[in-house]
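Worksheet for the structure shown next.
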Amino acid sequence: MQRVFSGIQPSGVPTLGNYLGAIRNWVPMQAQHECLFCVVDLHAITMFQEPAQLLAQTREMAAALLACGLDPAKCVLFVQSHVPAHAELGWMFNCVARIGWLNRMTQFKDKAGKDREAASAGLYVYPNLMAADILVYHATRVPVGDDQKQHLELANDIAQKFNHDYGVEFFPRIEPHIVSGLAARVMSLRDGTKKMSKSDPSDQSRINLNDDDDAIALKVRRAKTDPEPLPDHMAGLEGRPEARNLVGILAAVTESSAENVLREHGGKGFGTFKEVLCEALVAHLSPIRAEMNRLLSDPGALDSALRLGAERAEAIASPILAEAKRIVGFLPRR
């Protein structure tokens with residue numbers, strides 16, 4: 001059984017895009033692999049976070065993951081900062097990774113913007129901590145999107161250099177875990193060429209998992225479209241990103257295909273189609289929202305579940321970190 005690791009930042013309540021593109025696809029992995037899922041709050045502070053907001057968002061993200069179907073009896077769910085081995089191995093990897101490797105990381109350039117000198121050092125070495133997140137568990141599979149593939153390649157470079165420098169075969173090679181079937185790339189409701197994002201300044205661009213039924217319906221009805229009716233075949237969506245996005249969303253939440261959606265709704269105007277989409281989204285998301293609210297109403301129980309998850313994670317990570325320290329030559333703690 002492969003060991004799978006994946007993490008998600010507590011940067012706000014997950015969007016429909018986070019859910020359909022990643023979180024929903026983690027659920028069946030629990031039965032097929034040994035899975036560790038982590039709320040990566042150490043990564044979150046590479047950009048300044050208001051402490052009270054970070055705390056609230058960490059709980060919100062954990063509640064969302066549970067409400068979406070992650071089961072602590074079938075996987076290990078925990079908060080990154082609760083397992084110090086992440087930071088310890090991350091520092092060791094800071095000393096293994098090369099400056100030239102980090103200079104090639106496109107995500108740092110995107111996030112730092114024009115004023116790179118003002119970015120935190122943590123943002124710069126973010127990929128080294130990401131490598132530690134995975135390798136401290138000797139995980140060999142990571143579900144990744146296109147924007148994380150470069151980081152996965154770097155993680156393998158770090159593992160290979162560590163093994164080479166110390167003459168060992170200790171850290172395993174990591175492979176991307178390709179999700180088949182229901183993965184969906186969800187775009188902004190205001191611009192079908194941009195990915196749906198929590199960082200978009202317009203809340204109308206996204207559906208949040210804690211949006212109530214009225215908010216979901218309003219956002220869908222206001223979603224950008226074009227004046228033409230829906231086509232009855234996929235070729236008719238060429239050059240129509242907003243139409244393609246809404247068709248894809250309905251296909252994903254009804255566990256159908258875009259082709260089937262077009263066969264059923266081709267020729268209809270968007271007014272009619274959006275009402276169908278509203279009903280489908282409300283039916284799919286309202287149970288998730290209700291479960292999130294239930295979990296957040298008892299933060300003590302939620303925190304207790306996360307502590308138990310951290311204990312399980314630490315039991316896996318501690319011997320791996322201890323061996324890495326021995327290999328490097330650190331004095332053992334007695």
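The values are calculated or read from the model by the stated rules, or taken from the named source; none is laboratory data. It should be emphasised that the depicted structure is a prediction, and the values quoted were computed from it without experimental measurement. Methodologically, a virtual Cβ is constructed for each residue, glycine included, from the backbone with ideal geometry; neighbour enumeration extends over all protein chains shown.
Being among the acidic types (Asp, Glu), outside any helix (DSSP H, G or I) and within 28 Å of the chain's Cα centre (by Cα) narrows it down to one residue among GLU255, GLU291; which is it?
Being among the acidic types (Asp, Glu), outside any helix (DSSP H, G or I) and within 28 Å of the chain's Cα centre (by Cα) holds for just one of GLU255, GLU291, which is GLU255.
Residues that are under 21 Å from VAL13 (Cα atoms), of a type outside the set (Asp, Glu) and touching a Leu at 6+ places or on another chain (Cβ under 6 Å) occur in the stretch 299-319; there is at least one. Of all the numbered requirements in (1) touching a Phe, Trp or Tyr at 6+ places or on another chain (Cβ under 8 Å); (2) exposed (fewer than 15 other Cβ atoms within 10 Å of the Cβ), PRO176 misses one, and that requirement is (1).
Residue-by-condition table, conditions (1) in contact with a strand residue (DSSP E or B) (Cβ under 8 Å, 6 or more places away or on another chain); (2) of a type in the set (Gly, Ala, Ser); (3) outside any helix (DSSP H, G or I):
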position: GLY7; (1), (2), (3): yes, yes, yes
position: ARG24; (1), (2), (3): no, no, no
position: ALA56; (1), (2), (3): no, yes, no
position: SER81; (1), (2), (3): no, yes, no
position: GLU88; (1), (2), (3): no, no, no
position: TRP101; (1), (2), (3): no, no, no
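Condition check ((1) farther than 23 Å from LEU308 by Cβ; (2) assigned by TED's automatic domain parsing to the domain that holds GLU323; (3) out of contact with any helix residue (DSSP H, G or I) (no Cβ under 6 Å at 6 or more places or on another chain)) across all residues:
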| residue | (1), (2), (3) |
| --- | --- |
| ILE8 | no, yes, yes |
| VAL13 | yes, yes, no |
| ARG24 | yes, yes, yes |
| MET29 | no, yes, yes |
| HIS33 | no, yes, yes |
| LEU55 | no, yes, yes |
| THR58 | no, yes, no |
| VAL76 | no, yes, no |
| VAL79 | no, yes, no |
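Within the stretch 223-252, residues that are of a type in the set (Ser, Thr, Tyr) reach partners that are assigned to a helix (DSSP H, G or I) with beta carbons closer than 6 Å, at six or more positions or on different chains, in the pairs THR225/GLU242; THR225/PHE270.
Of all residues in the stretch 227-244, those satisfying the criterion of being among the charged types (D, E, K, R) and either in contact with a Lys or Arg (Cβ under 6 Å, 6 or more places away or on another chain) or in a helix (DSSP H, G or I) (or both) are GLU242, ARG244.
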